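Notes for the one structure printed next.
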Protein chains: 2
Amino acid sequence: MAQYSETWMKLLAADGCRQTPARRVIVDILLESPRALEPMEVFSAGRERLANLGLVTVYRTLEKLEELGLVQRVHHHGGCNLYLRATNAHEHLLICSHCGKAEYFSGDNLSALMADITRTTGFAITEHWLQLFGTCPACTRSGEVIHA
Amino acid sequence: MAQYSETWMKLLAADGCRQTPARRVIVDILLESPRALEPMEVFSAGRERLANLGLVTVYRTLEKLEELGLVQRVHHHGGCNLYLRATNAHEHLLICSHCGKAEYFSGDNLSALMADITRTTGFAITEHWLQLFGTCPACTRSGEVIHA
DNA sequence: GTATTATTGAAAAGAGTTTTCATTATCAAT
DNA sequence: ATTGATAATGAAAACTCTTTTCAATAATAC
Ligand SMILES: [Mn+2]
Ligand SMILES: [Mn+2]
Ligand SMILES: [Zn+2]
Ligand SMILES: [Zn+2]
């Protein structure tokens, strides 16, 4: 996803943000990560590239990127403070329970189910969350999954 | 759900827990609520019935009830610290975005989708989260939804 | 280059949750 | 019913995560 780094910086600039080293580092880390990250993880990785990066800046940047729709929060068993590059399409997440690798997929067809539920419950459905968990190919091969 | 109050207390007892006023109050509140509650909400409601109930006891009881599978955590836009009576069947949640009313539904058929995803991604899918949001009949009628 | 002002990181504050601990209350065994 | 063992309680303290404050700095427009 590294090719989007400049795109994100430009989108930030278009929103009135200045292009700072701290933001570049945070953006790059998010775009390079195959899995959703906690603010503290972004911070730790960021410090390796920018000696005195502040955790506050990570929070502020994540907030701004979420606001621009470039990252999304990911809900998870162990908490809901994970951030992942967002998808533009209508897609949902497939997450490896072992390594956290996140992949978007499309093609869910819930319209029949939703019509059914509207009929039986009287709810007007406006939104749906769907998230799949499993074991990714790499973790299946490595056999480490036994410990999961 | 009030009829389950004694059942829950017995299940707690079977797990080695003593039957205390604090637990009764917390159990009752959870069983009476049509929506998922935050620990602080359980505490506030509990204090009205048991003058010096402690917030710590609410946390401890929620933890125990979750461990026994009697309540489940509900993930939500504004946080993931909501607790709701759990369902025994394979069911998912339908939540009113306006009043929070939670209802379980069954009948989701995702097997075709999951087979498809397994084929294209190589993931071995082990779990799925599905949650629907909408407006419940009562909120639709009251017209308050306009403000949502 | 200079002025403007957004951004920064440290420190402090705040919110939510967990741990500690002395006291109390439940329950099983008399 | 009385007793004893010990689970449970609530207040306070500790802790973690997140947000706010603020003076110094750096990015951008001119
Ligand atoms: Mn969908
Ligand atoms: Mn299902
Ligand atoms: Zn994996
Ligand atoms: Zn409603």
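Apolar share of the accessible surface for region A:91-148: 53 percent from carbon plus sulfur atoms, 1.4 Å probe.
Rounded to whole numbers, the Karplus 3J(HN,Hα) couplings from phi for region B:69-84 are x, 8, 10, 10, 7, 10, 8, 7, 3, x, x, 10, 10, 9, 10, 9 Hz, using 6.51 cos²θ - 1.76 cosθ + 1.60 with θ = phi - 60°, and x at Gly and Pro.
For region A:27-36, 3J(HN,Hα) computed residue by residue from phi via the Karplus equation (6.51, -1.76, 1.60; θ = phi - 60°) reads 4, 4, 4, 5, 6, 7, 6, x, 9, 6 Hz, glycine and proline entered as x. In a fully extended conformation the segment linking A:HIS90 and A:ARG49 would gain 11.4 nm over its present Cα-Cα distance, using 0.36 nm per residue.
Rounded to whole numbers, the Karplus 3J(HN,Hα) couplings from phi for region A:103-119 are 9, 8, 9, 10, x, 6, 10, 10, 4, 5, 4, 5, 4, 4, 5, 4, 5 Hz, using 6.51 cos²θ - 1.76 cosθ + 1.60 with θ = phi - 60°, and x at Gly and Pro. Here each label is just a point 7 Å from Cα along the line to Cβ, and for A:ASN81 and B:THR121 those points are 2.6 nm apart. Mind grabbing the interface size between B and A? I mean buried accessible area, both sides, 1.4 Å probe, in Å² to the nearest hundred. The B and A chains share an interface burying roughly 2900 Å². Name the most mobile residue of A:HIS76, A:HIS90, A:HIS128, meaning the one with the largest mean-square fluctuation, in a Gaussian network model of chain A with Cα contacts below 10 Å. In this elastic network of chain A, the residue with the biggest mean-square fluctuation among A:HIS76, A:HIS90, A:HIS128 is A:HIS128. Averaging 1/r over every pair of different alpha carbons in chain A and inverting the result gives a Kirkwood radius of 17.2 Å. Calculated [222 nm] ellipticity per residue, helices only, for chain A: -12000 deg cm²/dmol; basis is -39500 (n - 2.57) per DSSP H run with n ≥ 4, divided by all residues, nearest 500. Counting only heavy atoms of the protein chains and using a 1.4 Å probe, A:MET40 has close to 100 Å² of accessible surface. Projecting the Cα atoms of B:TRP129, B:TYR104, B:VAL71 onto the charge dipole of chain B (Cβ charges, centred on the Cα centre) puts B:VAL71 farthest toward the positive pole.
Residues in chain A average 53 Å² of solvent-accessible surface per residue, probe 1.4 Å, ligands and nucleic acids excluded.
Taking amide hydrogens as placed 1.01 Å from N in the peptide plane, the amide H of B:ARG49 sits under 5 Å from that of no residue at least 5 positions away in sequence or on another chain.
A:ALA14 to A:SER111: FRET efficiency via 1/(1 + (r/R0)^6), r the Cβ-Cβ distance, R0 35 Å, to the nearest 0.05? Step by step, r from the Cβ atoms, then E = 0.50. Semi-axes of the equivalent ellipsoid of region B:1-86 are 18, 15, 12 Å, computed as sqrt(5λ) over the eigenvalues of the C-alpha gyration tensor in descending order. Put simply, the amide H of A:ALA86, placed in the peptide plane, has neighbours under 5 Å in A:VAL71, A:GLN72, leaving out anything fewer than 5 places away on its chain.
Just how many % of Cα pairs in the protein assembly as shown lie over 26 Å apart, if you round to the nearest whole percent? The proportion of pairs with Cα distances above 26 Å equals 57 percent.
The values are calculated or read from the model by the stated rules, or taken from the named source; none is laboratory data. Please read these numbers as outputs of a predicted model, since none were measured by experiment. Neighbour counts are summed over all protein chains in view; Cβ atoms, including those assigned to glycine, are modelled from backbone coordinates with ideal geometry. The accessibility values were calculated without ligands, DNA or RNA, using every heavy atom of the protein model including side chains. Shrake-Rupley method; radii C 1.70, N 1.55, O 1.52, S 1.80 Å.
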